[in-house]
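As structure tokens, the structure follows; a few thoughts come after it.
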Amino acid sequence: MAFQTEYEFELPRGYVDEAGNLHKRGVMRLATAADEILPMRDPRVQQNASYLTVILLARVVTRLGELKHIDTKVIEKLFTADLSYLQNIYRQINELETPKLQTACPKCDHEFEVEVDFLSVAEGLS
């Protein structure tokens, strides 16, 4: 099974370009470290931290309908429902799922899963 780096999506409302064409289907790729670090130098982010979302999405949305190029101007013109939808997809595909461990109660042998939070475990060791 190949490692998946691109994810298809369909916007709930869609982007309307200058010619009035509606673009709903697109592709988002996994973010890299550079995608999250480099926008922090952008003056628009330094003036308004909320603009980070716009730049991030412009970097990771690789296709939207028939558009030739996705940039911050396109992301700025999305309906808020579509922006929120893309933010949720971004979080889903880029956040690491918390590891789970199968375990059993030592008293009753009931089996269950527990989430392992390595950061909390590491803090407890220091």
Taking Cα atoms, the helix 51-60 axis meets the longest principal axis of the chain at an angle in degrees (rounded to 10) of 90
Global form of the range 1-100, assessed from the alpha-carbon gyration tensor, a/c cut-off 1.5: oblate
For the range 10-62, shape from the Cα gyration tensor axes a ≥ b ≥ c, cut at a/c of 1.5 then a/b versus b/c, turns out oblate
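Considering lysine pairs in the range 1-101 that are 8 or more places apart or on different chains, how many have Cα atoms under 23 Å apart?
On the way: Lys24/Lys68; Lys24/Lys73; Lys24/Lys77; Lys68/Lys77.
Counting lysine pairs in the range 1-101 gives 4.
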Quick check on the chain: helices-only [θ] at 222 nm, where DSSP H runs of length 4 and up contribute -39,500 (n - 2.57) each and the sum goes over total residues. Nearest 500, please. -10000 deg cm²/dmol
Gain on full stretching of the segment that runs from Met40 to Cys105 - 0.36 nm per residue minus C-alpha separation: 18.8 nm
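We did not get these values from a lab; they are worked out from the coordinates using the rules stated. Model, not experiment: these values are computed from the prediction.
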